[in-house]
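Colleague: Take this structure, written in structure tokens, and hold onto it; I'll ask about it next.
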């Protein structure tokens with residue numbers, strides 16, 4: 001069977017004729033049920049790459065294959081039945097109840113002139129249960145917290161019944177508790193067989209959810225592999241320009257952690 | 001966290017069928033009252049008899065009453081209902097599409113364009129039919145022009161489209177002023193000014209033959225696509241990620257709303273404020289879900305415009321242009337709603 005996601009020599013620039021590509025000749029293959037974490041500094045194209053894969057940016061060169069099919073030949077509804085995309089947070093204009101937002105995930109399964117029926121509602125309710133927001137279903141989506149809204153967006157993507165889930169910085173702006181809630185949900189979804197690609201600003205999260213890690217930098221993904229291989233004190237220094245301390249903690253299964261340090265060699269100890 | 005069990009929004013949503021029945025009865029009552037009153041009073045019984053006389057002859061019914069109802073008041077009442085419902089639906093659809101509760105169906109320049117077409121027609125001919133056709137065509141043309149301008153920039157963002165609409169609207173308003181300036185001030189100018197202020201004064205059955213199918217068709221399209229408006233109102237990127245063919249569906253919604261607005265202007269001139277204010281009233285009643293909002297706005301808008309039109313033609317000896325009253329009522333009501341209903345949108 002074809003790989004869920006295969007990217008071949010992908011390049012992208014926002015304006016034609018502009019010399020600087022956001023990224024150049026990126027190739028990446030993600031296997032069935034894998035969690036792939038993209039890290040890297042601001043502006044290196046993590047979101048852009050995710051939006052290309054989600055079919056939202058079309059002016060790229062190279063190829064994106066979804067389950068063996070070129071995404072540029074697929075219509076948007078077909079793409080949305082395979083790929084669920086969780087965008088970076090923005091609040092909607094109208095205060096729809098949470099349930100109405102989640103059921104919008106049925107859109108790619110419905111005709112232009114139809115609206116969701118009982119069965120679609122049931123899929124939405126199932127997704128809300130999976131993500132753990134069933135108690136919010138009647139609440140206006142403009143009156144819930146940032147973490148809850150992020151979970152609503154994940155539930156909406158789940159309602160698409162996708163096989164691939166793309167998440168663009170799902171934990172930014174969230175407090176610790178909500179961050180762990182989101183990561184926990186992501187891990188659970190991957191156990192259900194979903195192929196997951198997420199971008200994050202926290203290298204530590206790669207250790208938390210394991211899977212594979214890619215570091216986006218200088219228009220490519222120069223570092224790629226298991227979190228233990230990729231996230232080292234040396235690589236983090238070269239990628240983010242800060243000193244980090246990597247160590248293994250007792251507890252949480254003896255996993256590694258990555259902690260940034262405030263001190264820099266040139267300053268000496270603070 | 002404590003749930004707020006009984007806000008007004010939820011009452012209308014939870015008891016939607018009761019609310020809908022109430023709004024339908026309200027429309028029926030305003031319709032009958034509107035058919036009764038006027039320079040020639042007709043009793044409620046005679047109104048019903050006159051309407052039923054189409055299928056069942058009432059020998060006692062005076063031919064005058066039958067003629068007043070059938071030839072004068074009924075076409076007018078039907079036109080008012082269709083325009084009131086149509087502009088309200090078009091406004092609700094545009095507010096959802098443009099994710100902005102402050103837009104009206106005019107936002108892409110349809111009224112300004114249709115007004116210009118009508119002014120030109122009134123300048124060169126007395127023929128009401130030509131005026132209507134010209135208004136309708138220039139109304140569609142102005143929105144097409146706005147769409148084409150937004151395309152030139154190769155960014156099909158909604159904001160570009162709105163800006164292009166404002167440009168086109170301003171252009172046609174200036175051209176209308178030019179037409180007024182050159183028009184004969186004793187004969188043509190009053191006709192143009194009065195027509196632009198909006199009135200159902202001259203509606204006859206023949207006007208409805210063309211306009212009614214256009215209005216009903218536009219409303220029908222917006223009615224069946226109403227759930228998609230929810231999805232589109234989440235923003236362009238979200239809608240696309242959810243599999244919406246955004247360009248196609250935007251075109252469908254804009255075309256339907258524009259046909260409604262252009263057809264309205266072509267039969268009754270520019271009736272402002274309805275398409276802006278009524279969707280807000282609808283949101284207070286049933287919440288933001290367009291599935292409920294579109295039908296609710298249609299019923300409220302039809303009843304409201306009927307009341308206004310009845311007042312416009314009965315309150316003084318000569319008729320007051322309806323656009324003046326909708327603005328006089330709409331502006332303060334809108335100011336009040338903005339204060340009151342801050343939860344209707346974000």
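The values are calculated or read from the model by the stated rules, or taken from the named source; none is laboratory data. A quick note: this is a predicted structure, and the numbers were derived from the prediction, not measured. When we count neighbours, we look across all protein chains shown, and the Cβ atoms used for this are built from the backbone with ideal geometry, even at glycine.
Colleague: Give the residues of the range A:133-168 that are in a strand (DSSP E or B) and crowded, with 24+ Cβ neighbours inside 10 Å, sorted by residue number.
Modeller: Listed by number, the residues that qualify are A:166, A:167.
Colleague: Kindly provide the set of residues from the range B:190-222 that are touching a helix residue (DSSP H, G or I) at 6+ places or on another chain (Cβ under 6 Å) and without any contact (Cβ under 8 Å) to a residue 40 or more places away in the chain, ordered by number.
Modeller: B:221
Colleague: Between A:50, A:39, A:64, which is more than 23 Å from residue A:236 (Cα to Cα) and surrounded by 17 or more Cβ atoms within 10 Å (Cβ to Cβ)?
Modeller: One residue alone meets the criteria, A:64.
Colleague: To continue, here is another question. Does residue B:316 satisfy the criteria of being within 14 Å of another protein chain (Cβ to nearest Cβ), modelled with pLDDT under 90 and either at negative phi or buried (at least 24 other Cβ atoms within 10 Å of the Cβ) (or both)?
Modeller: It is false that residue B:316 is within 14 Å of another protein chain (Cβ to nearest Cβ), modelled with pLDDT under 90 and either at negative phi or buried (at least 24 other Cβ atoms within 10 Å of the Cβ) (or both).
Colleague: How many of the residues in the range A:169-191 are free of Cβ contacts under 8 Å to residues at least 40 places away in the same chain and assigned to a loop (DSSP other than H, G, I, E, B)?
Modeller: Here the count works out to 3.
Colleague: Among the candidates B:102, B:97, B:52, single out the residue that is loosely packed, with under 15 Cβ neighbours inside 10 Å and within 14 Å of chain A (Cβ to nearest Cβ).
Modeller: So the residue among B:102, B:97, B:52 that is loosely packed, with under 15 Cβ neighbours inside 10 Å and within 14 Å of chain A (Cβ to nearest Cβ) is B:102.
Colleague: Please specify each residue of the range A:211-220 satisfying the condition of being more than 15 Å from residue A:235 (Cα to Cα) and either in a helix (DSSP H, G or I) or under 14 Å from the mean Cα position of the chain (by Cα) (or both).
Modeller: If the condition is that a residue be more than 15 Å from residue A:235 (Cα to Cα) and either in a helix (DSSP H, G or I) or under 14 Å from the mean Cα position of the chain (by Cα) (or both), then A:211, A:212 are the ones that fit.
Colleague: All but one of (1) assigned to a helix (DSSP H, G or I); (2) within 14 Å of another protein chain (Cβ to nearest Cβ); (3) within 25 Å of residue B:20 (Cβ to Cβ) hold for residue B:251; state the number of the condition that does not hold.
Modeller: The single condition residue B:251 does not satisfy is (3).
Colleague: Now a separate question. Can you tell me how many residues in the range A:229-249 are closer than 21 Å to residue A:184 by Cβ and in contact with a helix residue (DSSP H, G or I) (Cβ under 8 Å, 6 or more places away or on another chain)?
Modeller: Qualifying residue count for the region: 1.
For every residue, the table says whether it meets (1) crowded, with 20+ Cβ neighbours inside 10 Å; (2) touching a residue at least 12 places away in the same chain (Cβ under 8 Å).
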| site | (1), (2) |
| --- | --- |
| B:240 | yes, no |
| B:283 | yes, yes |
| B:299 | yes, yes |
| B:324 | no, yes |
| B:336 | no, no |
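Colleague: Right, residue A:195: within 16 Å of the chain's Cα centre (by Cα), crowded, with 23+ Cβ neighbours inside 10 Å and touching a residue at least 40 places away in the same chain (Cβ under 8 Å) or not?
Modeller: Here the answer is yes, as residue A:195 does meet what is asked.
Colleague: Which of the residues belonging to the range B:189-222 are outside any helix (DSSP H, G or I) and over 18 Å from the mean Cα position of the chain (by Cα)?
Modeller: B:204
Colleague: Is there a residue in the range A:51-67 that is in contact with a helix residue (DSSP H, G or I) (Cβ under 8 Å, 6 or more places away or on another chain), within 7 Å of another protein chain (Cβ to nearest Cβ) and closer than 24 Å to residue B:222 by Cα?
Modeller: no
Colleague: Restricting the range A:91-115 to residues that are in a loop (DSSP other than H, G, I, E, B) and more than 7 Å from chain B (Cβ to nearest Cβ), which is farthest from the chain's Cα centre (by Cα)?
Modeller: Step by step, filter the range A:91-115, then rank; the result is A:114.
Colleague: Also, I was wondering about something else. Within the range B:223-247, which residues are out of contact with any helix residue (DSSP H, G or I) (no Cβ under 7 Å at 6 or more places or on another chain) and assigned to a helix (DSSP H, G or I)?
Modeller: Scanning the range B:223-247 gives B:224, B:237, B:238, B:247.
Colleague: If only one of A:205, A:201 is crowded, with 18+ Cβ neighbours inside 10 Å, farther than 29 Å from residue A:120 by Cα and modelled with pLDDT of 90 or more, which one is it?
Modeller: Criteria check complete, one pass: A:205.
Colleague: Please verify whether residue B:278 is closer than 30 Å to residue B:313 by Cβ and surrounded by 22 or more Cβ atoms within 10 Å (Cβ to Cβ), treating the condition exactly as stated.
Modeller: yes
Colleague: Scan (1) part of a helix (DSSP H, G or I); (2) within 14 Å of chain A (Cβ to nearest Cβ) for the single condition residue B:261 breaks and write down its number.
Modeller: Only one criterion in (1) part of a helix (DSSP H, G or I); (2) within 14 Å of chain A (Cβ to nearest Cβ) is unmet by residue B:261, namely (2).
Colleague: Take the residues in the range A:80-93 that are at pLDDT 95 or above and farther than 14 Å from residue A:104 by Cα; name whichever of them is surrounded by the fewest Cβ atoms within 10 Å (Cβ to Cβ).
Modeller: Once the filter is applied, the top-ranked residue is A:82.
Okay, residues lined up against (1) more than 26 Å from residue A:108 (Cα to Cα); (2) in contact (Cβ under 8 Å) with a residue 24 or more places away in the chain; (3) surrounded by fewer than 23 Cβ atoms within 10 Å (Cβ to Cβ); (4) touching a strand residue (DSSP E or B) at 6+ places or on another chain (Cβ under 8 Å):
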position	(1), (2), (3), (4)
A:24	yes, yes, yes, yes
A:30	no, yes, yes, yes
A:46	no, yes, no, yes
A:54	no, yes, no, yes
A:58	no, no, yes, no
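Colleague: Which residues, counting only those in the range B:269-299, are over 10 Å from the mean Cα position of the chain (by Cα) and either more than 14 Å from chain A (Cβ to nearest Cβ) or within 26 Å of residue B:210 (Cβ to Cβ) (or both)?
Modeller: B:269, B:277, B:281, B:285, B:294, B:295, B:296, B:297, B:299
Colleague: Against the definition (away from every other protein chain (no Cβ under 14 Å) and farther than 24 Å from residue B:159 by Cα), how does residue B:205 come out, yes or no?
Modeller: Spelling it out, residue B:205 is indeed away from every other protein chain (no Cβ under 14 Å) and farther than 24 Å from residue B:159 by Cα.
Colleague: For the range A:67-78, which positions are free of Cβ contacts under 8 Å to residues at least 60 places away in the same chain and either part of a helix (DSSP H, G or I) or surrounded by fewer than 14 Cβ atoms within 10 Å (Cβ to Cβ) (or both)?
Modeller: Once the filter is applied, which keeps residues that are free of Cβ contacts under 8 Å to residues at least 60 places away in the same chain and either part of a helix (DSSP H, G or I) or surrounded by fewer than 14 Cβ atoms within 10 Å (Cβ to Cβ) (or both), the range A:67-78 yields A:70, A:71, A:72, A:73, A:75, A:76, A:77, A:78.
Colleague: Considering only residues that are surrounded by 22 or more Cβ atoms within 10 Å (Cβ to Cβ) and over 12 Å from residue B:90 (Cβ atoms), look in the range B:227-238 and name the one that is farthest from the other protein chains (Cβ to nearest Cβ).
Modeller: B:232
Colleague: Any residue that is in contact with a helix residue (DSSP H, G or I) (Cβ under 9 Å, 6 or more places away or on another chain) and either touching a residue at least 60 places away in the same chain (Cβ under 8 Å) or facing chain B (nearest Cβ under 10 Å) (or both) - is there at least one of those in the range A:122-129?
Modeller: no
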